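Laboratory data are not the source of any read-out in this text; all were calculated from the coordinates shown. Note that the structure is a prediction, hence the values are computed from the model and not measured. We place every Cβ from the backbone using ideal geometry, glycine too, and count neighbours over all the protein chains shown.
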Ligand code: B12
Ligand code: SF4
C-alpha cells in the first residue's frame, strides 16, 4: 500500500531575475521543454511504497499562483522543490503559499543559500550535488535544517523518464541544428575548471560507470530518441572516462547518434574512435579567440589549444557547437571586428553567442565588487529581499551594454543567414 503522497516540483519561470547572458534568439522556446532530471532522479530512487507526483512548473509553464494551486490539489504530505537561484522569488512564494507538513528544497540554489531557504519556510534544505539517498531516508525521519548530502553517482539508478510524458519533451523546434527526439542525460557531475563567470559548484567530478552510461543511452533510444545528448558540465575532461564510454559502445556495437558538452582540451587519440561510435556534435565553451581575454576569463585554454581542438574535430567529421562570450572589459574593437572571420576560419559549424553576466557566486561578480563597479553587494540584498524580475545593473554602463547587445545580434544574424 502507498503510504505517503509526495509532490516534487520545479519552479515556475514567472518573476525570475533578468539575465542578459543569452540573447532571445537562443533562449529555449516555450515549445521546447527540458526534462527535470533532478526531481526525476529523486523519484526514481525511492522505495516503492511512496505515491510520487512530478510537477514540472518550469516547462508547463505555469504561473506562481497556478503552481501553488496544482500543488495544493494534490494534498501532499511532503513537498520537494528543486530550486535555481534566478527563481528565488517564486520559491519563497510557494513555500509560503502551500500547506504540506514537510517542505524541503534542493538543487543548485539550496547549496549556496541553505540558511535563507530555511528562513523562507523550508523545513529542510538538501545541500550537495546529488541528494537521492538522503532524500529517501528523510521521508521517514523528517529531519529539519541543513542536510549535507553524500550520495554518489554510481549508487543511484538513472532517472525514469516515463514518470513524465516523454513525447512532450521531444524538441518540437530546431535551433542551430536538427536532432530528432533529442533527450539529455548525464555521464558525470561537476567540472574541475574555475572559469571566471561560471558557478558550477562541484569541483570534484563524479563519473558514472561506462556500463551505466551506455545502459542509459540504450534506454533513451528505446523511448524513441534518435539523438542522445550528454549534458554534463564537462564530459571529456577525463580521458579514462571518455575511453570507457567509447569502449563500452564498441563492445555493444552501438552506433546511435550522440553528442556531448565538454571542453577543448582532451585526448585527441580518441577522436576517430569517438566519431565511429556515432558521436556527431561536441558543445564547447571556447568563449574567446584572444589569449588576453581567455586569461581574463580564467579559461583553462589558449588560442593554440582551440586551433588544435578544431583541427581534430574537423578532421574526424565531428561538428563543433561553440559558445562565445562578448562584453569582457579587455576586448578591443579590432578583436570584435575580426571575430566572425576567425570563427569561420576554424570551421566552427554552430556559433552560440553569449554576453558576460555577473551571476551570483562567481569570481567575476566578486571581482566587480572588489573593483567598486558595484558599491554594495547587490546580489546579497536581492537574496534577502527578492523582487520580481530583478535586473542587476550592467557594470560598465548602459551605453556599453546597448553596444554589446547590438553587436551580438549583428553576429547572430551574420552566422544564421548563411
Ligand atoms: C541541464 C542544465 C540546463 C538545461 C536545462 C535547464 C532547465 N530548464 O532546467 C539548459 C541547457 C537549458 C540550461 C540553461 C540554463 N542554465 Co542550466 N544547468 C543545467 C545543468 C548542467 C544540469 C542540471 C541537471 O539536470 N543536473 C542533473 C540532475 C540529476 O542533478 P540536479 O538537478 O542538480 O539534482 C540533484 C540535486 O541537485 C538534488 N536536488 C535537485 N532538486 C532537488 C529537490 C529536492 C526536494 C531535493 C531534496 C533535492 C534536489 O538532488 C538531485 C538528484 O540527486 C546544471 C549544472 C549542474 N551540474 O547542476 C546547470 C545549472 C542548473 N544552470 C544554471 C544556469 C545559470 C542556467 C542558465 C541561466 C544559463 C544562462 N545564463 O542562460 C540557463 C537558464 C535556462 C532556464 N530558463 O532555466 C546554473 C544555476 C545556478 C544557480 N545557482 O541557480 C547551473 C547550476 C549551472 C551553473 N552555471 O552553475 N541549464
Ligand atoms: S569549463 Fe564550463 S563548467 Fe567548467 S568551470 Fe568552465 S564554464 Fe564552468
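Side notes on the structure shown:
- Per-pair calculated FRET efficiency, R0 = 45 Å: residue 341 and residue 101 via Cβ, rounded to 0.05: 0.15
- Its Cα gyration tensor gives the chain an equivalent ellipsoid. The semi-axes, each the square root of 5 times an eigenvalue, are 35, 29, 19 Å from largest down.
- In range of the label at residue 177: residues from segment 303-342 whose backbone nitrogen is under 15 Å from the point 7 Å along Cα→Cβ: 310-324
- Taking other C-beta atoms within 10 angstrom as a stand-in for reagent exposure, 102, 113 fall in the order 102, 113, fewest first.
- When you restrict to C-alpha pairs under 8 Å that are six or more residues apart and normalise by the size of segment 4-154, the relative contact order lands at 26 percent.
- Relative contact order %, the chain, counting alpha carbon pairs below 8 Å whose residues are six or more apart: 15 percent
- When only alpha carbons are used to place a centre, segment 24-90 and segment 184-246 end up 23 Å from one another.
- Here the simple spin-label model places points 7 Å from the Cα toward Cβ, and for residue 311 and residue 115 these points are separated by 5.2 nm.
- Alpha carbon centroid spacing (whole Å) that separates segment 266-306 from segment 115-135: 35 Å
- Beta bridges by DSSP in the chain, antiparallel share as percent, to the nearest 5: 5 percent
- Extension reserve of the residue 303-residue 5 stretch, reckoned as 0.36 nm per residue once the Cα distance is removed: 101.9 nm
- Label sites at residue 402 and residue 223, each approximated as a point 7 angstrom past Cα along Cα to Cβ, lie 4.6 nm apart.
- Which of 103, 370 has the fewest Cβ neighbours within 10 Å, and the rest in rising order: 370, 103
- Residues 341, 105, 221, arranged from fewest to most other Cβ atoms within 10 angstrom of their Cβ, appear as 341, 221, 105.
- Label-to-label distance, residue 251 versus residue 162, with points set 7 angstrom from Cα along the beta-carbon direction: 2.6 nm.
- Most fluctuating residue given options 361, 119, 300, as computed from a GNM of the chain linking Cα atoms under 10 Å: 119
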